[in-house]
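What follows is a set of notes on a single structure, which appears directly below.
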Amino acid sequence: MASTPSFFVLLLFLLVGSSSANLSTNFYSSSCPNVFSIIKPVVKSAISAQARNGASLLRLFFHDCFVNGCDASVLLDDTPTFRGEKTAPPNNNSIRGFDVIDKIKARVEKACPGVVSCADILAIAARDSVVILGGPNWNVKVGRRDSRTANFSAASTDIPPPTSNLSRLIANFSSQGLSVKDMVALSGGHTIGKARCVSFRGHIYNDTNIDSSFAKTRQANCPRRVGVQDRNLAPLDRQTDKVFDNDYFKNLVVHKGLLHSDQELYNGVSTDSLVQTYASSTNTFFSDFVTGMIKMGDVKPLTGSKGEIRKNCRRVN
């Protein structure tokens, strides 16, 4: 009987850990050896057309993995009999980049029909976006399969909103098996891209942990009244929103984070020291960001005979 706890620990590992263990960087080496070189030019073209597309593709991967794992459920369109995740509050009129994924999928299907999953395309496109915009490179583990369903309710609760306080951020990331360090490093993804007025209005008008001149600058393009110019955009990184660097953290140190949830990371709290470390060391930030991205990519993937390889990322086969 003394060995029973160990048996259950082993069983839990086999049930939970085996799926991510089936992922590998060379999964497509025989079945679609050129998959990485097929995807990157499409991502590069999209970013050349609009730099913001890089941030959008990175965010798509994040929003996918935080809801039932990295299974491309976020890409499924609603139908008369099916409710996807695209209209959940954190996603509705917010996430974008679906057309880029469609282009990638079409090219990959032409080269390797029925082989490469939409879930893997999201993971690869996120990495390529970071690299193209000047960030770190890493080998993407692949072998995920696509879900046949989505989870609107989980998308509504499991993706941390921009109004999150630190404890909620920690809890949301912890529920995905991600540490506080992972959370702070991955938040650095906000070094690229833009946010809508509706996402930062409360921070620039109501919070006190924000530089007053910075708040006034953002107020000029984001009126206090709800419903007025809600979709006006501002850069998440006020200095270099088209370059993947550590300026996001430098902004937080001087209380110029755009979102309430951003500034929560540096507000006389336990994560202050990590923010300061990343603000002073690009290499440390890049290293920890890569670690976090790989861990996030391992969240509950469908492998083996689970799920499917979608022909069209927007709908099940």
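The values are calculated or read from the model by the stated rules, or taken from the named source; none is laboratory data. Bear in mind the structure is a predicted one, so any value in this text is a computation, not a measurement. Here the Cβ positions follow ideal geometry from the backbone for every residue, glycine too, while neighbour counts run over all protein chains shown. Remember, those area values only see protein heavy atoms, side chains included, never the ligands or the DNA or RNA. Shrake-Rupley method; radii C 1.70, N 1.55, O 1.52, S 1.80 Å.
Values as computed for the structure displayed
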quantity: Some residue of region 122-137 being within 18 Å of the chain's Cα centre (by Cα), over 20 Å from Tyr28 (Cβ atoms), open to solvent by 10 Å² or more (accessible area, probe 1.4 Å) and of a type in the set (Gly, Ala, Ser); calculated: yes
quantity: Pro89 open to solvent by 10 Å² or more (accessible area, probe 1.4 Å) and in a helix (DSSP H, G or I); calculated: no
quantity: Some residue of region 51-65 being under 21 Å from Val299 (Cβ atoms), hydrophobic (A, V, I, L, M, F, W, C), part of a loop (DSSP other than H, G, I, E, B) and open to solvent by less than 10 Å² (accessible area, probe 1.4 Å); calculated: no
quantity: Test for Gly202: is it farther than 25 Å from Thr87 by Cα and open to solvent by less than 50 Å² (accessible area, probe 1.4 Å); calculated: no
quantity: Residue in region 163-173 that is open to solvent by 50 Å² or more (accessible area, probe 1.4 Å), of a type in the set (S, T, N, Q) and not in a helix (DSSP H, G or I) present; calculated: yes
quantity: Hey, Lys216 among the basic types (Lys, Arg), open to solvent by 10 Å² or more (accessible area, probe 1.4 Å) and farther than 28 Å from Ser281 by Cβ or not; calculated: yes
quantity: Residue match in region 144-156 (condition: surrounded by fewer than 19 Cβ atoms within 10 Å (Cβ to Cβ), at positive phi and either among the acidic types (Asp, Glu) or not in a helix (DSSP H, G or I) (or both)); calculated: no
quantity: Which listed residue, of Val228, Val290, is aliphatic (A, V, I, L, M) and either over 20 Å from the mean Cα position of the chain (by Cα) or part of a loop (DSSP other than H, G, I, E, B) (or both); calculated: Val228
quantity: Some residue of region 9-23 being open to solvent by less than 60 Å² (accessible area, probe 1.4 Å), over 29 Å from Ala155 (Cβ atoms) and either modelled with pLDDT under 95 or not aromatic (Phe, Trp, Tyr) (or both); calculated: no
quantity: Condition check for Ile47: surrounded by fewer than 23 Cβ atoms within 10 Å (Cβ to Cβ), in a helix (DSSP H, G or I) and among the β-branched types (Val, Ile, Thr); calculated: yes
quantity: Test result for Gly304, surrounded by fewer than 17 Cβ atoms within 10 Å (Cβ to Cβ) and either closer than 25 Å to Ile121 by Cβ or of a type in the set (Val, Ile, Thr) (or both); calculated: yes
quantity: Given (1) hydrophobic (A, V, I, L, M, F, W, C); (2) touching a Cys at 6+ places or on another chain (Cβ under 6 Å); (3) closer than 14 Å to His190 by Cβ, index of the condition Met296 fails; calculated: (3)
